[in-house]
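As structure tokens, the structure follows; a few thoughts come after it.
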Amino acid sequence: MGLLTGKKALIFGIANNKSIAYGIAKKFKEEGAELAVSYAGEKLESRVVPIAEELGAKLCVPCDVTCDEDIAKAFGIIAKDFGNIDILVHSIAFAPGEALKGRYIDTARDAFKLSMDISAYSLVALCKAAEPIMNEWGSVINMSYYGAEKVVTNYNLMGVAKAALECSTRYLACDLGEKKVRINSISAGPIKTLAASGIGGFKNILAHIEERSPLHQNVTIEDVGDTAAFLASDLSKTITGETLHVDCGYNVVGI
Ligand code: NAP
């Protein structure tokens, strides 16, 4: 019996097999969960559907999280064809490339709105849509980064969006807690993915973590998957509203 046997997980944010959401989905499958996955839109269908098949997902639905109608439509299909869920994974973020380099002070209003919408507000919207089909003792997991807490060169606007995401997690913990549903953020160390490739000087960040983190290495999508499985399981039943660092200890280091 796996840690997640008998549980149903809905996962947002698989773009390819390097995605953090892919590492999470793979681990969930190994631990016995039934999977449904959602992808950003029709242009990604040819890339995501084969991955969903490889993972044995029962359902694969398109959903652009900036669009309320898309969210309502996707959750209608999920409720009908997949049923109630125990786990919701939000592994979604976006900021325009020009907002991920140079001076934060130069951030444009449109870039700010779009990034906050996709990277932070979408968590609120997905929780609201999932609430009616979430089983008691359900678990919501989202993905954050250290740039929410401290200044990380070039992370800029995304750091501000992640701070909003982590704070939303605390407020959502109180709302969802009334229904005995939990929500936590995983603050993952840097990993080379599609989203990360947009961040200026990303290679230097990876090298810095290897040199300075207590464990002197970087994390993998498998490491994040392991922690996500713990947070999705009954082993973490009384943990909610937390930001859990999966970063080889980097966040505890000062001078
Ligand atoms: P990724 O593979 O590029 O995943 C990002 C996902 O967000 C993609 O599936 C992307 O779909 C989706 N997305 C963007 N806009 C969307 C929209 N409007 N509607 C629905 N989905 C949308 O990169 P990743 O690194 O695994 O990122 C996953 C999460 O982990 C993000 O929240 C990221 O900030 C966080 N994180 C990453 C790192 C890291 O170093 N990689 C570290 C800590 C936290 P499209 O491909 O269609 O845009």
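The values are calculated or read from the model by the stated rules, or taken from the named source; none is laboratory data. All figures in this text were calculated on a predicted structure; none of them were measured in a lab. Note that each Cβ is placed from the backbone with ideal geometry, even for glycine, and that neighbours are counted across all protein chains shown. What goes into the accessible areas is simple: the full protein's heavy atoms, side chains included, and nothing from ligands, DNA or RNA. Shrake-Rupley method; radii C 1.70, N 1.55, O 1.52, S 1.80 Å.
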Using unit Cβ charges (K, R positive; D, E negative) and no other charged atoms, how large, in debye to the nearest 20, is the dipole of the range 28-122 about its Cα centre?
-> 300 debye
Give me the percent of DSSP beta bridges within the range 100-248 that run antiparallel, rounded to the nearest 5.
-> 0 percent
Within the set Lys7/Lys192; Lys27/Lys128; Lys7/Lys29; Lys18/Lys101; Lys29/Lys58, which residue pairs have Cα atoms separated by over 20 Å?
-> Lys7/Lys192; Lys27/Lys128; Lys18/Lys101
Rounded to two decimals, the Debye log10 I(q)/I(0) of the range 1-129 (Cα scatterers, no solvent) at q = 0.13, 0.15 Å⁻¹ is -0.56, -0.71
Within the range 1-24, the residues whose backbone N lies under 17 Å from a label point placed 7 Å from the Cα of Trp137 along the Cα-to-Cβ direction are 1-9
Cα-based convex hull, the range 191-251, per residue volume (Å³, whole number) | 104 Å³
Taking the Cα centre of the chain as origin and charging only Cβ (+1 Lys, Arg; -1 Asp, Glu), how large is the dipole, in debye to the nearest 20?
-> 280 debye
Helix-only [θ]222 nm of the chain, DSSP H runs n ≥ 4, -39500 (n - 2.57) each, per residue, nearest 500 = -12000 deg cm²/dmol
Projected label distance in nm at Asp226 and Leu206, using a 7 Å step from Cα toward the beta-carbon | 2.0 nm
Compare the Cα positions of Pro190, Leu165, Pro214 along the charge dipole of the range 146-225 (+1 at Cβ of Lys, Arg; -1 at Cβ of Asp, Glu; about the Cα centre) and return the one farthest towards the positive end.
-> Leu165
Which of Asp64, Asp81, Asp110 is most accessible, then next, and so on - probe 1.4 Å = Asp110, Asp81, Asp64
Thr238 versus Val49: modelled label distance in nm, points set 7 Å from Cα along the beta carbon direction = 4.7 nm
What accessible area per residue, rounded to a whole number of Å², is obtained for the range 1-63 using a probe radius of 1.4 Å?
-> 45 Å²
Run the dipole for the range 153-235 about the Cα centre, Lys and Arg Cβ at +1, Asp and Glu Cβ at -1, nothing else charged, and hand back the magnitude in debye, nearest 20.
-> 220 debye
Whole number in Å², please: accessible area per residue of the range 81-131, 1.4 Å probe, ligands, DNA and RNA not counted.
-> 49 Å²
In the range 1-155 the accessible area split gives carbon plus sulfur, as whole percent at 1.4 Å, a share of 52 percent
Solvent-accessible area per residue for the range 132-240 at a 1.4 Å probe radius, Å²?
-> 47 Å²
At what distance in nm do the modelled label points of Asp81 and Leu215 sit from each other, each positioned 7 Å from its Cα along Cα→Cβ?
-> 3.7 nm
What aspartates and glutamates could a cross-link reach from Lys180, if we take a straight Cα to Cα line under 20 Å and drop same-chain neighbours fewer than 8 places away?
-> Asp86, Glu131, Glu136, Glu166, Asp234, Glu242
